[in-house]
Every structure is written in structure tokens, then in C-alpha cells.
Amino acid sequence: MSSAARAIDPADRSLGMLTANLLTVVAGGPLAAVLAAAWAARWGWASFAAGVYGLLDAKLLLLTVLPGIAAHELVHAVAWAAAARRPLGAIEVGIRWRSLAPYAHPREPMPAGAYRVGAVMPLLLLGVVPSLAAIAAGAPRLMAWGLFFVFTAGGDVLVLWLIRRVPAGRLVEDHPTRVGCRLVGGQAERRAAGRVGGSDGRAVR
């Protein structure tokens, strides 16, 4: 599909990688700023700066940040599988070797509600929860780590914004090369619905 055609495709809910990367800070910034301000109100900016500086230690980066980046995609995979009631094998997990970037990609369409759950979980589990725990405990390096993963989830926040008006039951398919998804309709939607629910259309429990 040409870029012009994609621009007017009403089913497309995706962004190019470059655009998404440029907007990641914009998407993750407000929440990160609120959390950082909450830290500063209790512990001060000097301790926050010390935490950021400490996290830049090469050994600490290797032992905590790089595994966290891989964990981000694993959380996507597990959350998508659980929310959509699919086997974990239905989610492709790997590494794009050209960019050395890990990824998680649902192989089949799923309801938008389940897609949202999988999209937001890394932000919550790796970003918000560690940041709140750091504020409570006064742990500056954990705070810096949590805020880093708030920013890395900026692309996920963009996706949630792109599908904000999509009904929870509408099927979407994850885009294999862009950030976001595409709405599924017609026969493809009915086939996918049959995999999610029983013959009477109710979700399998």
C-alpha cells in the first residue's frame, strides 16, 4: 500500500517508525514529568539527578536496563496472550537484527480491548509501578529506571491514542512493520471472531 493510500485508509491506525520515535518523548513525557515532580516534592531534585547519574553506570545499564528492554516485549506478549485468551505461541517474539530491537507481534487479529491491555502493561509494570515504589521507598536509581521505561512506553501510549475511539469488541491486527494496528472487517473479522468465541459468538471462558 502506498503512503498516500495509507493516509486515507480509514482502517489504518499506525505510524511509521520514524514518526513514532519522534513522538515517543511527547507521548511519554507528561506522565514522566508528573512522576518526577512527585519524587522531587518528597525527596528533592538533587537525589533524582544522583539516581539518573547512577543508572548511567555501564555495569548497571547492562544488568538492569537491557534486560528491562527485553522484558518490555515479553510483557506485551504475555499480556496479549492472556487478554485475548490465546496461547503464548500466538504472539511472535524476536529481535530485529538490523536495529537490534526486540519486538512482540500478535500473529492473529484480536479484540481492541485485549490489544489495549497488552499495549499498556509494560508502561504500568515496568514504568509506573517501579516509579511509585521508588517514591515510597526513596530509591533514586529505581526512580530513574522507572522513568526510563515510562519514556520507552511512549510508542505504546501513541498506539492507545490512535485506537482511542475503536470499540473494545472490534477486531484489530497488529501492524508487522509500523507502530500500531489496522482494523479488521468483513470475512476476516468473522473468522477471527470464531477463534475467540464459540459458535454462538460468546467468548470462550
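Between Leu60 and Val26, the modelled label-to-label distance comes to 3.2 nm, taking each label 7 Å out from Cα in the direction of the beta carbon. Helices meeting the span-like rule in the chain (full DSSP H runs, Cα extent of at least 24 Å along the helix axis, mean Kyte-Doolittle score of 1.0 or higher): 17-43, 66-84. Each Cα pair under 8 Å and six or more residues apart adds its separation to the average, and for the chain the resulting relative contact order is 30 percent. With the simple model of a label 7 Å out from the Cα in the direction of the Cβ, Trp161 to Ala137 spans 3.2 nm.
Considering only Leu160, Leu56, Leu15, the Gaussian network model of the chain with Cα springs below 10 Å gives its largest mean-square fluctuation to Leu56.
One equal scatterer on each Cα of the chain, no solvent, Debye formula: the resulting log10 I(q)/I(0) at q = 0.11, 0.12, 0.16 Å⁻¹ is -0.57, -0.67, -1.05. From least to most packed, judged by other beta carbons within 10 angstrom and beginning with the fewest, Ser47, Ser14 follow the order Ser47, Ser14.
Pulled fully out, how much extra length does the chain show between Ser99 and Thr177, if you take 0.36 nm times their separation in residues and subtract their Cα-Cα distance? Write down the numbers at each step before the final one.
Numbers: separation 78, 0.36 × 78 = 28.08 nm, distance 1.26 nm.
The span from Ser99 to Thr177 would gain 26.8 nm if fully extended.
Every number here is computed from the coordinates shown, using simple stated rules; none is lab data. Not measured: the values here are computed from a predicted model. With ideal geometry, Cβ positions are generated from the backbone for all residues, glycine too; neighbour counts draw on all protein chains shown.
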